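The values are calculated or read from the model by the stated rules, or taken from the named source; none is laboratory data. Treat the numbers as computed from the prediction; the structure is a model and nothing was measured. With ideal geometry, Cβ positions are generated from the backbone for all residues, glycine too; neighbour counts draw on all protein chains shown. Surface accessibility is based on the protein's heavy atoms, side chains included, excluding ligands, DNA and RNA. Shrake-Rupley method; radii C 1.70, N 1.55, O 1.52, S 1.80 Å.
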Amino acid sequence: MASEVVWETIRAAEAAPAVTRAREFTGRLGLLESLLKTRSVSRRQALPAPRVERRSRLAPAEFFREYYRRNRPVVIEGLMEDWPARTRWTPAWLAEHFGDETVEVMAGRDAQELPDLHADRLRRDVPLRELLARFDGVPANDMYLVARNSLLLRDAFRPLLEDLRAPEGYIHPDLREPDRVHLWLGPAGTLSNLHHDHLNVLFCQVWGRKQVWLAPSWETPWMSNVRGFYSAVDVLAPDLERFPDFARVALHTVEVGPGDTLFIPVGWWHALRALDPSLSVTFVSFEQTPGMNTCWREGWLGATPSEEHR
């Protein structure tokens, strides 16, 4: 009698909507992982490691045809020549005009393994001049102004939008809507470790230089996708004993400097390290695109973003 109750309980649990849905989702992720592994092996057999092209004054039509729709990264020169921000936004000018304004940063990053996974724990409010004062020190990854704070939409900083220009034909000209433009600011040494985004990004380097590591979206099965869109691998010192699959990854490195624009396609893994004090702006509202972007809605193979990283 007791055994019948147990089996009835098990059958009821298996039929529960949450379990049924989880089984379907797991199956889809298994199929996705299989397809990506096949794509990765096939590409490696047919092609050398991916090379990020550098183009000057690339016409929007060719950009969308050859790069956006083909899921290929590219560095584009000449899209930021009319930006007042490139000459006006020096650290001294920002400190003079906005230094007393509070900004939200991630602080204490050096003491935290994989700090990008602990954004909520590391958030701090500091005067902008405190962050800028760190630019004269030794390279460090301890404090970083990241894009998720939507700084440019705050009333105090909205005047900065006047110094930007949406690249014509690439990006929707209205920059005042939420989540269309973001700003990244940090000293030399700041590192954003390996991750991928769920949409396409146009990354514009205003001043300073950044080293960027890129890996194609189909390399996901080898990336140790530990949580959400993040990898557990330290791009500066990959532990191949702990993460042997990472040795399979076709990783490419490119440097972006002042005036360079890097297109990071949806799903492409990337890490960025500031070689100098660095200020960057990103756009995600693309012209000639339904909904102004293409999203990868099931882009992770590890634990879901709601789960705590362990």
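Odds and ends about this structure:
- Accessible surface ranking that places the most exposed of Trp89, Trp184 first, with a 1.4 angstrom probe: Trp184, Trp89
- Accessible area per residue for segment 162-310, computed on protein heavy atoms with a 1.4 Å probe, is 38 Å².
- Nearest-0.05 FRET efficiency for Arg176 and Asp136, computed from C-beta distance (R0 35 Å): 0.55
- In the complete set of protein chains, residue-level accessible area for Ser285 is approximately 10 Å², probe 1.4 angstrom.
- Heavy-atom accessible area ranking, 1.4 Å probe, most first, across Phe135, Phe283: Phe135, Phe283
- Filtered trypsin sites (Lys or Arg not before Pro), segment 146-202: DSSP coil and at most 12 other beta carbons within 10 Å: Arg176
- Taking the accessible area of segment 253-297, probe 1.4 Å, and keeping the other protein chains in place, the carbon and sulfur fraction comes to 52%.
- Among the trypsin sites (Lys or Arg not before Pro) found in segment 201-239, not one is both in a DSSP coil and sparsely packed, with 16 or fewer other Cβ atoms within 10 Å of its Cβ.
- Carbon/sulfur fraction of accessible area - segment 87-226, other protein chains in place, 1.4 Å, %: 48 percent
- Solvent exposure, largest accessible area first (probe 1.4 Å, DNA, RNA and ligands not counted), of Tyr144, Tyr230: Tyr230, Tyr144
- Modelled spin labels at His198 and Arg148, positioned 7 Å past Cα toward Cβ, are 1.2 nm from each other.
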